[in-house]
Each structure stands twice: as structure tokens, then as C-alpha cells.
1. For the range 75-86, give me the residue count where each residue is open to solvent by 50 Å² or more (accessible area, probe 1.4 Å) and closer than 17 Å to residue 50 by Cβ.
2. Quick check, is residue 72 open to solvent by less than 60 Å² (accessible area, probe 1.4 Å), closer than 21 Å to residue 139 by Cα, β-branched (Val, Ile, Thr) and at pLDDT below 95?
3. Scanning the range 6-32 for residues that are touching a Ser or Thr at 6+ places or on another chain (Cβ under 8 Å) and outside any loop (DSSP other than H, G, I, E, B), which turns out modelled with the lowest pLDDT?
4. Can you tell me how many residues in the range 92-130 are among the charged types (D, E, K, R), open to solvent by 20 Å² or more (accessible area, probe 1.4 Å) and more than 18 Å from residue 148 (Cβ to Cβ)?
5. Read through the list (1) modelled with pLDDT under 90; (2) open to solvent by 60 Å² or more (accessible area, probe 1.4 Å); (3) not polar (S, T, N, Q), then give the number of the only condition that residue 44 fails.
6. Check residue 125 against each of (1) closer than 29 Å to residue 14 by Cβ; (2) out of contact with any helix residue (DSSP H, G or I) (no Cβ under 6 Å at 6 or more places or on another chain) and name the one condition it does not meet.
7. For the range 16-35: of the residues being charged (D, E, K, R) and touching a strand residue (DSSP E or B) at 6+ places or on another chain (Cβ under 7 Å), which is least open to solvent (accessible area, probe 1.4 Å)?
Amino acid sequence: MLPGEGLTAMSNTKVDPWNFESDYPSPDNSHTIVYSDLEEMAIGAPLNGQCFLEFPNGRSIKLGGWCGGPPVWEPNGSRVALPLWKRKIFVGTVQQLAIIDVDALEMKIYNKTFNVLDVQSFTENTIKGCNTPLNKCEPVNLDLSKEKVCKIVDLKCGLR
């Protein structure tokens, strides 16, 4: 299977930044990443929307209002990788990688930028995927322990 050609379990449709579901439960079903108001950034562009981390007790935390996808959970369900859209002066609209630690209720946003990030896998501290998957796929292989963090967000205050 090529990058960007992952299939959803239910629909057998291609899952990538242009086409993804609104709910992504963790492997242990203890948390769910939920998108709302998904829309194209422009005609034919990838999707973005508001994104929330939901808990089994019905509480949730808003992770951002300009989130891409699809997210990818670490196999044990304690962390999830999430592409975030950001406008940068002199560069334009780019994506950055956010890692949400559901146990610590912390979001680390990494400094590296991407045109369109299609995360394919997340194991231990390694993120694999593709940058700009519809045009020229540039393989992404990040060791999070070696990547520069530009911002750490305490999510505890956003719990509702």
C-alpha cells in the first residue's frame, strides 16, 4: 500500500488529508479524537476543522480550531499524532505535527513544517508518513526524541 492509501475499516475508501472520518477512537477505546465542522481549506485542498479529545465520561478538550487529519494513535493508546494547520509570515499556510499525551494531558507541537502531512504510523517515538502526498510524496521519518519542540500546551485547563 502506498502512502496516503490507507483504508478505513468500514467504508473501504481512501483515507488521507483530503478524505477522512470525524471520529478516531484510541486502540483501547478509552479516548476518541473527534472532528467537527470539517471543510476543504480551498477547492480541492485538504480538510480542516475543529478537533477535540473526548473521554469516556463525556468530558472533552478542544485541541484546536484548524486541525488536519487523519490522526494516528500510538498502539497502546496513550499518545496520538495530529497534523495542525498554521499560517506563517513569509511562508504561508503550513502544517506542524502535534503529539497529544492523553495521560499527561499535554500537547507538544514540533517546530518542523510540512506542506501537507499524511501521518501513516506512530510507534514509540517514530512517526512515518508522507509530505505532500498528492503531488510529490516526500517520505517522512521523524524520531521525536531528536525533533525540536516549539510549544508545549497544558491541556488540563481546557477540560470541560
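The values are calculated or read from the model by the stated rules, or taken from the named source; none is laboratory data. As the structure is a prediction and not an experimental result, all values here were calculated from the model. Ideal geometry is used to build each Cβ from the backbone, glycine not excepted, and the neighbour counts take in all protein chains shown. Each accessible area value is taken on the protein alone, full model and side chains, heavy atoms only, with ligands, DNA and RNA left out. Shrake-Rupley method; radii C 1.70, N 1.55, O 1.52, S 1.80 Å.
1. Summing the residues that are open to solvent by 50 Å² or more (accessible area, probe 1.4 Å) and closer than 17 Å to residue 50 by Cβ in the range 75-86 gives 1.
2. no
3. Ranking the candidates gives 7 first.
4. So the answer is 3.
5. (2)
6. (2)
7. The qualifying residue least open to solvent (accessible area, probe 1.4 Å) is 16.
One line per residue, one yes/no per condition, for (1) among the small types (Gly, Ala, Ser); (2) touching a Cys at 6+ places or on another chain (Cβ under 9 Å); (3) under 12 Å from residue 155 (Cβ atoms); (4) free of Cβ contacts under 8 Å to residues at least 60 places away in the same chain:
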position	(1), (2), (3), (4)
74	no, no, no, yes
79	no, no, no, yes
88	no, no, no, yes
91	no, no, no, yes
101	no, no, yes, yes
110	no, yes, no, yes
